[in-house]
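Structure first, commentary second.
The values are calculated or read from the model by the stated rules, or taken from the named source; none is laboratory data. Just so it is clear, the model here is predicted, and its values are computed rather than measured. In this analysis, Cβ positions are derived from the backbone assuming ideal geometry, glycine residues included, and neighbour counts consider all displayed protein chains.
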């Protein structure tokens with residue numbers, strides 16, 4: 001057993017002893033560790049500096065009570081979280097998720113992944129994440145506002161334009177960001193750069209709404225081009241029907257592909273003629289309805305309950321854009337049987353380790369989330385730049401910068417995979433490329 005292998009095993013054992021009750025975080029650690037051995041063998045100075053153990057322990061983590069009053073006058077209590085994982089290359093940057101499943105394990109998993117996602121953009125932003133087990137679904141605007149005012153009253157103590165810049169995630173859209181910014185401004189005065197994903201009227205960036213979905217397709221386009229392929233004529237399965245999925249469908253269609261599915265937590269739509277993103281946008285963003293309503297408006301569409309990944313139909317590209325671990329080993333095997341050759345992750349860690357192994361065995365090319373869905377945080381960083389300069393760039397300028405960033409992310413990941421003997425394992429390449437930049441910054445700054 002090499003020194004690098006022994007070192008990683010020792011660090012992992014410590015993490016399990018401390019955080020054995022955090023399965024999502026441990027899964028992220030394992031996905032990361034299995035690619036690091038050749039890097040540590042080439043750079044023994046990382047082992048001497050105990051860099052991996054330092055990197056896997058958050059610089060700080062906050063958990064706090066959020067008390068608020070509902071429309072019936074009842075006092076409700078939720079938990080709030082913020083993990084500032086690593087700031088070696090810039091202020092902490094990462095979204096806030098409002099969902100009943102949110103706990104410390106999930107926030108740490110997301111924050112750990114965010115370190116390398118942010119590093120891959122080439123922009124000066126560190127990794128963080130946060131959120132609450134509050135569920136905005138079914139709540140009135142007043143209830144959401146009162147919850148957020150209580151949430152931000154605590155969170156604002158720990159964030160700032162040059163310290164930690166949150167954004168949206170699942171359950172946190174334009175309404176929620178607006179309420180958060182209003183409460184922050186109420187307590188601290190005008191500081192446009194403290195949140196991203198803001199409305200255009202108070203410091204937001206054009207193309208931010210579309211960024212993650214568009215970026216996913218720019219990455220996928222680059223991945224296919226490296227194989228001598230293109231999106232034109234490809235059949236694409238998309239899961240989800242939120243922000244990422246909607247704009248992934250739009251850009252895939254513009255690039256000549258036919259998107260045949262979208263889904264939500266109840267079921268999915270199949271339309272062999274291609275999904276119309278404008279109808280999905282109307283149902284989900286305007287009406288806040290369920291995806292089954294699409295079938296009532298489009299004659300060629302079918303609605304089915306259950307997971308879209310359990311539905312057998314031939315297609316070429318999979319874009320899982322719903323939630324973590326939506327594709328397990330069995331669903332990955334069906335994906336392979338259905339003919340898919342590329343999986344690009346719109347959601348955070350949508351494929352389990354067993355699914356990833358199935359993809360590798362079948363030579364299905366995998367674009368990992370930390371690379372493929374980095375478009376959102378990339379444009380968030382561009383929003384920070386515009387706020388600093390008191391400027392507003394055009395949609396076309398932001399979109400072109402986004403496209404260049406996503407192409408560079410794929411290129412650097414592919415080069416790292418090749419350099420360290422991983423071939424076309426783009427997950428390994430993204431891990432290594434993201435890790436190297438953070439590791440070198442940490443080495444330069446000493447033991448802190």
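Tabulated values for the structure
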read-out	value
Residue count, region 23-36 (criterion: over 13 Å from residue 109 (Cα atoms) and surrounded by fewer than 16 Cβ atoms within 10 Å (Cβ to Cβ))	1
Considering residues of region 1-22 that are within 17 Å of residue 61 (Cβ to Cβ) and touching a residue at least 40 places away in the same chain (Cβ under 8 Å) only, the residue surrounded by the fewest Cβ atoms within 10 Å (Cβ to Cβ)	21
Residues satisfying the stated conditions in region 211-243, i.e. at pLDDT 95 or above and assigned to a loop (DSSP other than H, G, I, E, B)	227, 228, 229, 230, 231, 232, 233, 234, 239, 240, 241
Matching residues in region 347-358 - criterion: being buried (at least 24 other Cβ atoms within 10 Å of the Cβ) and either farther than 21 Å from residue 422 by Cβ or out of contact with any helix residue (DSSP H, G or I) (no Cβ under 6 Å at 6 or more places or on another chain) (or both)	347, 348, 350, 351
Filter result for the condition that a residue is crowded, with 17+ Cβ neighbours inside 10 Å and without any contact (Cβ under 8 Å) to a residue 60 or more places away in the chain, over 144, 66, 77	144
Only listed residue being buried (at least 20 other Cβ atoms within 10 Å of the Cβ), farther than 15 Å from residue 219 by Cα and either at pLDDT 95 or above or touching a helix residue (DSSP H, G or I) at 6+ places or on another chain (Cβ under 7 Å) (or both), chosen from 340, 372, 362, 344	340
Subset of region 199-208 [under 21 Å from the mean Cα position of the chain (by Cα) and surrounded by 15 or more Cβ atoms within 10 Å (Cβ to Cβ)]	204, 205, 206, 207, 208
Any hit, region 96-104, residues being surrounded by fewer than 15 Cβ atoms within 10 Å (Cβ to Cβ) and not assigned by TED's automatic domain parsing to the domain that holds residue 324	yes
Evaluation of residue 201 against (1) in contact (Cβ under 8 Å) with a residue 60 or more places away in the chain; (2) not in a strand (DSSP E or B) (one fails), failing number	(1)
Only listed residue being touching a residue at least 40 places away in the same chain (Cβ under 8 Å), under 25 Å from residue 436 (Cβ atoms) and assigned to a loop (DSSP other than H, G, I, E, B), chosen from 127, 122	122
Positions within region 415-434 being buried (at least 16 other Cβ atoms within 10 Å of the Cβ), out of contact with any helix residue (DSSP H, G or I) (no Cβ under 6 Å at 6 or more places or on another chain) and part of a helix (DSSP H, G or I), in sequence order	427
Region 147-174, subset in a loop (DSSP other than H, G, I, E, B) and without any contact (Cβ under 8 Å) to a residue 40 or more places away in the chain, residue surrounded by the most Cβ atoms within 10 Å (Cβ to Cβ)	156
Number of the condition not met by residue 179 [criteria: (1) in the same structural domain as residue 99 (by TED's automatic domain parsing); (2) in contact with a strand residue (DSSP E or B) (Cβ under 9 Å, 6 or more places away or on another chain); (3) within 18 Å of residue 154 (Cβ to Cβ)]	(2)
Subset of region 183-198 that is touching a helix residue (DSSP H, G or I) at 6+ places or on another chain (Cβ under 8 Å) and assigned to a helix (DSSP H, G or I) - its residue that is surrounded by the most Cβ atoms within 10 Å (Cβ to Cβ)	194
Members of region 390-414 found to be touching a residue at least 60 places away in the same chain (Cβ under 8 Å) and surrounded by fewer than 18 Cβ atoms within 10 Å (Cβ to Cβ), listed by number	392, 394, 395, 407, 408, 411
Matching entry among 355, 417, 362, 372 (being closer than 27 Å to residue 204 by Cα and touching a residue at least 12 places away in the same chain (Cβ under 8 Å))	372
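Yes/no per residue for (1) in contact (Cβ under 8 Å) with a residue 60 or more places away in the chain; (2) surrounded by 21 or more Cβ atoms within 10 Å (Cβ to Cβ):
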position	(1), (2)
225	no, no
250	no, yes
257	yes, yes
272	no, no
281	no, no
287	no, no
291	no, yes
303	no, no
316	yes, no
